[in-house]
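**Q** One structure, pasted below without further comment.
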Amino acid sequence: MNKASFTLQQWLSWMEQAHTSAIDMGLTRCQTVFDAMALDFGSTKIVTVGGTNGKGSSVAMFDAVLRAAGYRTLCYTSPHLEVYNERVVIDGEMCSDAQLVEAFCAIDAAREQVGISLSYFEIGTLAALWIVAQEQPDVALLEVGLGGRLDVVNLMDADVAVIATVGIDHVDWLGDDREIIGWEKAGIFREGRPAVCGDLEPPLSIARHANEVGAKLFQASNDFSYQLHEDGGQWSFKGLDSQHQEVAIESLPVPQLPLQNAATVIQALLLLGVEVSHEALSQGFAHARVRGRLDAQTYRGCPLLLDVAHNPQAASYLAKRLEGKQFKVVLGMLADKDCTAVMAALAPIVSQWHLVTLDVPRGQTAKSLSTMLPASTDQAVYQHASVGDAIKQLASDKEQLLVVGSFFTVADAYRLIEGDANG
């Protein structure tokens, strides 16, 4: 097949069929292709960001603070909500179709040279690394997609490795034991280099693995902490010399994103060896946002709150942030997620359940979701053929809806909103 003239969409369609399975754990194939590429990253500092939840918000805060401090950044995250270009962002701007196509061509040439098949995610991640080498930003922020030890991002030896939180997700691939999951995620640590874990109750396997590989581990509540009061607060961090550094934050805005992750980001920045002023921290925290995380939108006068909480830990965090409020909840999930635990976590903030069918691979049906509701559920339950159908039906009441669950759920809501605005 001659792919020389492929558009971005044609590349993505081909990539979806390029390998025998969508997820193929292991680095051997990717390492071979990566070595064949012989990429030069110059003086770019590399930060890898792993964890079950909090990766996206951590990358967003890293990026906002670093750019406020005058650094040029590149962010690689996944999955995307609407367009693939969201996955690679250079200094706040999505990567162009042309640059992504050029990157895919380069990966495909290297892959063919060594005779190796790669999956959609593997090609995409290697393409992002190729773009890092081409752009050579001051700092590259690379989100780990699945686990850590066997994720393609782990081909990079990070200057600082970050684990935001550790929870239960991707059970089919990582298991349902936090100690095992923690060990997998700690696979991004490197000998002699700093590693930061923001989980307030981390599995013991993280510290154990850091010790085994000789990484310099900094853990929340031990090596760094934060306390907020009405009149300000105090954050405490350790430097590489193991001395605590007090950072007063009386004038530092509390970020819209999780404060726990903000502390993790500051600790990692101190260890990265970049100069970041109090002003840059303030500006970055004030402006950092992530689409699909507590994102307030409007559809035909109806207020919507969109969130991609798709595992129990994320759902619990969302319910805590919205504690005391009640919502009509539009929920769509994938079949390989712990739907029962997610719904149990959300239940305290639900006045009505509006369950939707996701017409995508692995999509759960509304009927199946209805069988997974907590046994004690006394809220009204409705089923809808799609996210759009549910929102359209409910919008006339002008009562705020919480649209939650899979990235596909939230992406469908964005498409509905934007289609209405452009229509």
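**Q** What's the Cα-based Rg to Rh of the range 285-352, Rh via Kirkwood?
**A** Working: Rg = 12.5 Å, Rh = 12.9 Å.
Rounded to two decimals, Rg over Rh is 0.97.
**Q** Find the accessible area per residue for the chain; the probe is 1.4 Å, ligands and nucleic acids are left out, and the unit is Å².
**A** Accessible area per residue, the chain: 43 Å².
**Q** Kindly identify the range 31-91 as rounded, prolate or oblate by the Cα gyration tensor criterion: order the square roots of the eigenvalues as a ≥ b ≥ c, call it rounded if a/c is under 1.5, otherwise compare a/b with b/c, prolate if a/b is larger, else oblate.
**A** The shape class here is oblate.
**Q** Then there's this: If contacts are Cα pairs under 8 angstrom and at least 6 residues apart, what is the relative contact order of the range 1-110 in percent?
**A** 28
**Q** Can you tell which of 360, 182, 48 lies farthest toward the positive end of the dipole of the chain, using +1 and -1 charges on the Cβ of basic and acidic side chains (Lys, Arg; Asp, Glu)?
**A** 360
**Q** Residue 216's amide H: which non-local residues (gap 5+, or another chain) put their own amide H closer than 5 Å, with H modeled 1.01 Å from N in plane and none for Pro or chain starts?
**A** The list, which skips near neighbours in sequence, is 192, 193, 195.
**Q** Sort 400-410, 294-304 by packing, meaning the average of other beta carbons within 10 Å per residue, with the highest value first.
**A** Going from most to least packed, we get 400-410, 294-304.
**Q** Given H placed 1.01 Å from N in the peptide plane, which residues other than close sequence neighbours of residue 50 have an amide H under 5 Å from its amide H?
**A** Those qualifying (amide H under 5 Å, at least 5 residues apart or on another chain) are 144, 162, 163, 164.
**Q** Can you pull the percent of the range 6-137's accessible area that's carbon plus sulfur, 1.4 Å probe, other chains left in place?
**A** Working: 2390 of 5020 Å².
For the range 6-137, the apolar C and S fraction of the accessible surface comes to 48 percent.
**Q** Related question: Scan around residue 328 for amide H atoms under 5 Å from its own, H built in the peptide plane at 1.01 Å from N, and keep only partners 5 or more places away or cross-chain.
**A** Under 5 Å from the amide H of residue 328 lie the amide H atoms of 351, 352, 402, each far enough along the sequence or on another chain.
**Q** So what does the Cα-only Debye profile of the chain read at q = 0.15 Å⁻¹, as log10 I(q)/I(0), no solvent term?
**A** So the normalised log intensities are -1.53.
**Q** Considering only C-alpha atoms, what is the centroid distance from the range 363-423 to the range 112-133, in Å?
**A** 36
**Q** Quick one: Karplus J couplings for the range 78-92, per residue in order, coefficients 6.51, -1.76, 1.60, θ = phi - 60°, nearest Hz, x for Gly and Pro?
**A** 7, x, 9, 8, 10, 10, 4, 4, 4, 6, 10, 10, 10, 6, x
**Q** Okay, next question. Of the listed pairs 185/216; 320/367; 337/367, which have alpha-carbon separations greater than 18 Å here?
**A** Violating the 18 Å limit, Cα to Cα: 320/367.
**Q** What is the antiparallel percent of DSSP beta bridges lying wholly in the range 259-385, to the nearest 5?
**A** 40
**Q** Return the calculated 222 nm mean residue ellipticity for the chain, to the nearest 500 deg cm²/dmol, obtained by summing -39500 (n - 2.57) across DSSP H runs with n ≥ 4 and dividing by the residue count.
**A** Theoretical 222 nm ellipticity from helices: -11500 deg cm²/dmol.
**Q** What percent do you get for the relative contact order of the chain when only Cα pairs under 8 Å and 6+ apart count?
**A** 15
**Q** Viscosity 0.890 mPa s, temperature 25 °C: Stokes-Einstein D of the range 308-423 from its Kirkwood Cα radius, in µm² per second?
**A** Once the numbers are plugged in, D ends up at 175 µm²/s.
**Q** So how do 211-220, 55-64 stack up, highest first, on mean other-Cβ count within 10 Å?
**A** The peptides rank, most packed first, as 55-64, 211-220.
**Q** So in the chain, what percent of DSSP beta bridges are antiparallel if you round to the nearest 5?
**A** 35
**Q** I need the peptides 361-369, 151-159, 308-316 ranked by packing, meaning the mean over residues of other C-beta atoms within 10 angstrom, with the highest value on top. Walk me through the numbers before you get to the answer.
**A** On the way: 361-369: 17.0, 151-159: 21.6, 308-316: 23.1.
Final packing ranking: 308-316, 151-159, 361-369.
The values are calculated or read from the model by the stated rules, or taken from the named source; none is laboratory data. This one's a predicted model, so the numbers in the text were calculated from it and none came from an experiment. Reconstructed Cβ throughout: ideal geometry from the backbone, glycine too, with neighbour counts over all protein chains shown. These area figures cover heavy atoms from the full protein model, side chains too; ligands, DNA and RNA do not enter into them. Shrake-Rupley method; radii C 1.70, N 1.55, O 1.52, S 1.80 Å.
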